[in-house]
Amino acid sequence: MIPALKFLMYPNAMTDKFYLEEAIEDLHTLLDMTRWATSRFNDAALYFGHGTDNAWDEATSLVMQALHLPHPILEQVGDSVMTSRLTKSEREKIAELVLKRVQTRMPLPYITNEAWFCGMPFYVDERVLIPRSPFAELIQKEFAPFVESTPNSILDMCTGGACIAIALAHAYPEAQVDAVDISTDALEVADINIQEHGLSHRVYPIQSDLFSSLEGQKYDLIVSNPPYVDAEDMADLPEEYHHEPELALAAGEDGLELVDIMLKEAPTYLNDGGWLFVEVGNSEVHMSERFPGLEVIWLEFDNGGSGIFAVRKDTLVQYFSSKD
């Protein structure tokens with residue numbers, strides 16, 4: 001029996017309880033539990049998008065994390081590990097997590113407090129967004145072909161749990177990275193990750209409303225994954241996304257309220273020749289209306305994803321000077 005969850009709080013509690021006890025008693029291998037979890041996820045019509053995009057991969061991730069198995073173990077030892085038999089306590093642990101995922105619709109990384117970005121693990125909880133940005137591919141390619149000189153000073157604006165900032169610090173071992181966010185709750189999570197990755201000497205969490213606390217600072221590279229969900233998309237978000245902080249998602253009617261400020265103020269904080277990279281997701285469709293004539297470069301990704309643009313400091317200076 002699993003005492004940790006209160007079955008009767010949910011309409012399908014008795015059915016869930018039956019499935020749970022049956023799985024613990026009748027299933028035996030890692031593959032058995034993964035298949036069972038997949039079936040439960042499909043039956044519950046869960047939404048995926050916080051590290052996986054289908055029920056099987058979500059189930060595999062849950063099972064591996066429940067058993068404290070290394071993230072790339074299937075690549076290391078092959079599928080033979082899936083035939084491994086599990087102890088009853090291990091089956092109980094997996095079943096508990098599956099039940100929580102189904103009944104609460106909480107994204108899996110919040111349940112396990114672990115998310116992966118740029119091949120590295122990070123602590124996450126409901127104070128920050130779960131990392132899932134195409135920025136990972138840009139960082140791994142060191143922003144080629146745009147950033148030609150190695151940046152010494154980098155700003156990660158709207159850092160959340162500092163996943164992007166930490167990945168940038170790994171990509172550029174000599175650089176200082178300022179990890180900025182308005183949310184003190186988010187910065188507490190950022191500090192956990194900075195300490196865990198041993199980067200407190202190069203990655204600095206800073207509480208600031210965009211650039212307001214950065215007077216006098218200059219950067220070779222600014223990246224930002226800010227709140228960018230427009231009002232229409234906020235109304236249509238799947239239930240899983242409502243576990244994430246709204247402050248990190250919503251950005252007005254067209255999703256570009258913060259981006260507007262960022263584009264206008266970024267030149268003051270960029271060194272000559274510096275680049276600004278911003279993710280706006282689906283709000284890309286509003287960019288030409290909000291900033292008519294602004295020549296930004298929309299990026300394409302080998303691993304999927306869209307909605308990130310690049311723009312040089314001099315382009316922004318020229319554009320906004322023409323508006324005066």
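The values are calculated or read from the model by the stated rules, or taken from the named source; none is laboratory data. These numbers were taken from a predicted model, which means no experiment stands behind them. Note that each Cβ is placed from the backbone with ideal geometry, even for glycine, and that neighbours are counted across all protein chains shown. Just so you know, the surface numbers come from the protein's heavy atoms only, side chains and all, with ligands and any DNA or RNA stripped out. Shrake-Rupley method; radii C 1.70, N 1.55, O 1.52, S 1.80 Å.
Only one residue of Ile166, Ser208, Leu97 has its Cα farthest out toward the positive end of the dipole of the chain, where Lys and Arg carry +1 and Asp and Glu -1 on Cβ, and that residue is Leu97.
For segment 10-167, what is the accessible area per residue in Å² when the probe is 1.4 Å?
Values: 7070 Å² over 158 residues.
Per residue, segment 10-167 has 45 Å² of solvent-accessible surface.
Using θ = phi - 60° in the Karplus curve 6.51 cos²θ - 1.76 cosθ + 1.60, the 3J(HN,Hα) couplings for segment 200-208 round to 5, 8, 9, 10, 10, x, 10, 7, 7 Hz; x is entered for Gly and Pro. The alpha carbon gyration tensor of segment 121-162 gives principal lengths a ≥ b ≥ c with a/c of 1.5 or higher and a/b greater than b/c, which makes the shape prolate.
Compare the Cα positions of Trp56, Phe320, Phe301 along the charge dipole of the chain (+1 at Cβ of Lys, Arg; -1 at Cβ of Asp, Glu; about the Cα centre) and return the one farthest towards the positive end. Farthest towards the positive end: Trp56. Applied to segment 306-318, the Karplus parametrisation 6.51 cos²θ - 1.76 cosθ + 1.60 on θ = phi - 60° returns per-residue 3J(HN,Hα) values of 6, x, 10, 10, 10, 8, 7, 4, 5, 5, 5, 4, 5 Hz, with x for Gly and Pro. Would you compute the Debye intensity of the chain from its alpha-carbon atoms alone, equal scatterers and no solvent, and pass along log10 I(q)/I(0) at q = 0.09 Å⁻¹ to two decimals? Normalising to I(0) and taking log10 leaves -0.53.
You can think of it this way: the chain between Ile73 and Asn303 has 80.7 nm of extra reach, that is 0.36 nm per residue less the Cα-Cα gap. So, R0 is 35 Å and r is the distance between the beta-carbons of Ala44 and Thr87; what FRET efficiency does that work out to, to 0.05? It comes out at approximately 0.85.
Pairs of Cα atoms under 8 Å, at least six residues apart: use those to get the relative contact order of the chain, whole percent.
Once normalised by length, the contact order is 13 percent.
Placing dummy labels 7 Å off each Cα toward the beta-carbon, the span from Asp26 to His243 is 2.7 nm. Assign one of three labels to segment 190-314, namely rounded, prolate or oblate, based on the Cα gyration tensor with a ≥ b ≥ c the square roots of its eigenvalues; rounded applies when a/c is under 1.5, prolate when it is not and a/b is larger than b/c, and oblate otherwise. Cα axes put segment 190-314 in the oblate bin. Close Lys pairs in the chain, defined as Cα atoms under 29 Å apart and 8 or more places apart or on different chains, number 17.
Taking the centroid of alpha carbons for each part, segment 281-324 and segment 156-182 are 22 Å apart. The residues packed around Cys118, meaning those with a beta-carbon under 14 Å from its beta-carbon, carry a net charge of -1 if Lys and Arg are +1 and Asp and Glu are -1.
Positive end of the dipole of the chain (Cβ unit charges, origin at the Cα centre): among Ser183, Thr112, Val278, the Cα lying farthest that way belongs to Thr112.
In the chain, the longest principal axis of the Cα atoms and the axis of helix 55-66 are about 80 degrees apart.
Distance between the pseudo-spin-label points of Glu188 and Asn113 (7 Å out from Cα toward the beta carbon): 1.3 nm. With a Förster radius of 25 Å applied to the beta-carbon distance between Glu196 and Glu126, the computed FRET efficiency rounds to 0.85. If you plug the beta carbon distance of Asp53 and Lys323 into 1/(1 + (r/R0)^6) with R0 = 30 Å, you get a FRET efficiency near 0.15. Rounded to the nearest 10 square angstrom, Trp36 shows an accessible area of 20 square angstrom against a 1.4 Å probe.
Between 0 and 90 degrees, the angle of helix 13-26 with respect to the longest Cα principal axis of the chain falls at about 70 degrees. Close amide H pairs (under 5 Å, H built 1.01 Å from N) link Ile206 with Ala179, Val180, Asp181, residues at least 5 positions away or on another chain. Summing Cβ point charges (Lys, Arg +1; Asp, Glu -1) relative to the Cα centre of the chain gives a dipole of roughly 800 debye. Between the Cα long axis of helix 184-196 and the first principal axis of the chain there is an angle of about 80°, rounded to the nearest 10. Would you calculate a helix-derived [θ] at 222 nm for the chain, using -39,500 (n - 2.57) for each DSSP H run of n ≥ 4 and dividing by the full residue count, to the nearest 500? Helix-only estimate at 222 nm: -11500 deg cm²/dmol.
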